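K.L.:
Dropping the structure in here first, questions after.
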Amino acid sequence: MTTTRVFPWALLALTAATGAAEAAKKADCKTLRPVAEAMLEGRKTKAPKGYTLAAPFEDQKVSRLTLGKALVAISKKVPFRAEATLVEVKATDRAAAFLVCEYTLQPRKFVLFDKTKAVLLGSARFVVKAGETHPSWFESQPQVVVGTNDKATAESQPRVYLAVSESGKASAVDIELMPRSEFDRRTRVRLEAEAARSRAAEEERRRQAEAALAAKRAEEEAAMLRAAELASSDVRAATLAAAFDMDKRLYNTWDWDLGTGAAEAIYGQTSDTKNKLLLGKDSAAAAQKATYCVSFTAQATFRALSKFGRLKSLTASEFDTLKRVFFGNVPEKGITLRGKTYTLQTAVESQSQLALTAYGLGTAVTWKTAAGGDVVYVNHGGGSGHAYVYAGPYKDANGRQVGYYAYGAHVSGVMNRIYCLDDPSITMDDAYDKACTDEYQQASSELLITRLN
């Protein structure tokens with residue numbers, strides 16, 4: 001720390017001599033007043049009994065004052081500022097006790113001659129803990145000199161501060177004088193630095209938490225995809241595997257302004273047609289590598305159902321009806337599935353679930369029992385909704401399910417996205433917030449989840 005020689009105060013540092021502990025205990029500001037008076041008047045002086053006094057040097061800072069050795073610091077007689085003064089003492093290792101006294105000269109008017117006297121303005125006794133700084137304030141204000149009304153004269157009176165190390169085992173201390181404004185400036189700098197360190201530490205903790213969460217998500221997704229690929233005999237795993245294949249091979253973006261939305265034609269066998277066209281190829285979808293939510297979900301579902309021969313339980317005409325309901329393309333008069341008629345509103349608000357359950361190809365489940373490969377339709381009401389393949393549960397740091405992975409064509413692209421659940425059974429605590437801060441929210445009441453049979 002560079003010492004600035006602009007502060008108009010004086011500092012004296014004394015230490016108890018070896019073997020003079022008793023004398024040190026008795027020392028007080030009254031005992032030290034003759035020393036201050038002599039120094040203020042520029043006379044030679046001796047230290048009180050039990051203390052040693054070194055030659056003075058002009059500065060406001062005593063650096064590395066070694067206890068057991070005497071050091072003295074005193075400034076020139078420069079004008080005194082009308083500002084609170086700080087005597088700051090810092091112990092470098094172990095604790096130490098200090099007495100600090102503040103004096104000034106106050107002339108006394110006599111008939112034949114003038115005589116000055118050192119006046120005690122304030123004192124402080126304190127213990128400085130190891131490695132800490134102890135600020136002792138002296139709220140000094142200019143005083144009119146006795147016998148005069150000259151305030152300028154009062155303000156020009158020098159001050160001297162005697163800092164006495166009374167006891168303690170610290171090997172060294174730093175002592176410094178400064179005005180309150182300088183201390184406030186240093187405090188602001190220190191607090192700003194501490195705040196910056198705190199922000200940096202918090203940012204690092206957040207970064208590490210995000211990295212850990214991202215790694216966990218990647219691990220869970222990889223595990224789900226491996227499981228889907230290996231379990232080729234499972235129709236639900238085949239649905240998830242089809243979604244994965246289309247994501248990597250056929251589609252990148254979402255686009256609603258398409259036809260079937262299928263980059264490849266999909267064929268399957270029904271009870272009366274060996275090579276039934278399930279979805280025709282959409283040239284625009286293939287060229288743009290784009291599709292939309294219902295088409296992506298239908299393609300994954302139809303591929304899996306066809307692979308395991310599930311569509312053989314339907315006629316070609318029944319499949320066409322199933323497809324109309326799956327896509328929400330229902331006439332105003334309603335639609336009939338296996339002898340039962342459903343209204344337009346019922347059909348468009350349940351789409352894939354109605355289409356699959358009506359023909360015995362699926363069973364409705366809840367989000368609590370859903371598993372990878374289940375088909376999801378989200379009913380927002382009024383004919384609006386979303387569709388995707390359920391890819392697995394999403395959990396917080398405590399292992400509690402707070403959402404799920406959704407593989408599909410989302411507005412932001414074709415991907416395996418996370419949705420956090422808004423459900424009365426899930427407490428939205430800190431763990432929930434950390435896991436779901438940046439994720440989409442989904443009300444559980446809008447979910448229609450179907451497990452393929």
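K.L.:
Any of Lys276/Lys307; Lys248/Lys276; Lys248/Lys368; Lys368/Lys395; Lys274/Lys307; Lys276/Lys323 with alpha carbons more than 20 Å apart? Name them for me.
P.N.:
Lys248/Lys276; Lys248/Lys368
K.L.:
Shifting gears a bit: Where in the stretch 332-424 are there trypsin sites (Lys or Arg not before Pro) that are in a DSSP coil and have at most 14 other Cβ atoms within 10 angstrom of their Cβ?
P.N.:
Lys333, Arg338, Lys368, Arg400
K.L.:
Please list, in chain and number order, the residues 5+ apart from Tyr292 or on another chain whose amide H is under 5 Å from its amide H, with Hs placed from the backbone.
P.N.:
Residues meeting the amide H criterion: Asp255.
K.L.:
What does a probe at Gln288 reach in the stretch 400-416, counting residues whose amide N is under 17 Å from the point 7 Å along Cα→Cβ?
P.N.:
Of the residues in the stretch 400-416, 409-415 have backbone N under 17 Å from the label point off Gln288.
K.L.:
Can you run phi through the Karplus equation (6.51, -1.76, 1.60; θ = phi - 60°) for the stretch 241-251 and list ³J(HN,Hα) in whole Hz, with x for Gly and Pro?
P.N.:
So the Karplus estimates, Gly and Pro as x, are 5, 5, 4, 4, 5, 5, 4, 6, 10, 10, 10 Hz.
K.L.:
Testing the spin-label approximation: label points 7 Å from Cα along Cα→Cβ at Glu194 and Asp433. State their distance in nm.
P.N.:
The answer from the label model is 2.4 nm.
K.L.:
For the stretch 289-330, which whole-number percentage of the solvent-accessible area (1.4 Å probe, protein heavy atoms only) is attributable to carbon and sulfur atoms?
P.N.:
44 percent
K.L.:
Let me ask you something else. Using modelled amide H (1.01 Å from N, peptide plane; none on Pro or chain starts), what sits under 5 Å from the amide H of Val119, excluding residues fewer than 5 places away?
P.N.:
Amide H neighbours of Val119: Thr104, Leu105, Gln106.
K.L.:
Measuring from label point to label point, each 7 Å out along Cα→Cβ, what is the Thr343 to Gln208 span in nm?
P.N.:
With each label placed 7 Å out from Cα toward Cβ, I get 5.8 nm.
K.L.:
A follow-up question, please. Could you order Ser425, Ser295 so the one with the most accessible surface comes first? Probe is 1.4 Å.
P.N.:
From most exposed to least exposed: Ser425, Ser295.
K.L.:
Another one. 5 Å is the cut-off here: which amide hydrogens, built 1.01 Å from N in the peptide plane, fall below it relative to Thr315, excluding neighbours closer than 5 in sequence?
P.N.:
HN-HN under 5 Å from Thr315: Ser271.
K.L.:
Is the stretch 352-430 best put as rounded, prolate or oblate by its Cα gyration tensor, with a ≥ b ≥ c the root eigenvalues, rounded for a/c under 1.5, and otherwise prolate when a/b is larger than b/c, oblate when not?
P.N.:
Prolate shape, in that a/c is at least 1.5 and a/b is the bigger ratio.
The values are calculated or read from the model by the stated rules, or taken from the named source; none is laboratory data. Keep in mind that what you see is a predicted model, and the values were worked out from it rather than measured. All Cβ positions, glycine included, derive from the backbone under ideal geometry; neighbour counts span all protein chains shown. Heavy atoms of the whole protein, side chains included, go into the accessibility calculation; ligands, DNA and RNA do not. Shrake-Rupley method; radii C 1.70, N 1.55, O 1.52, S 1.80 Å.
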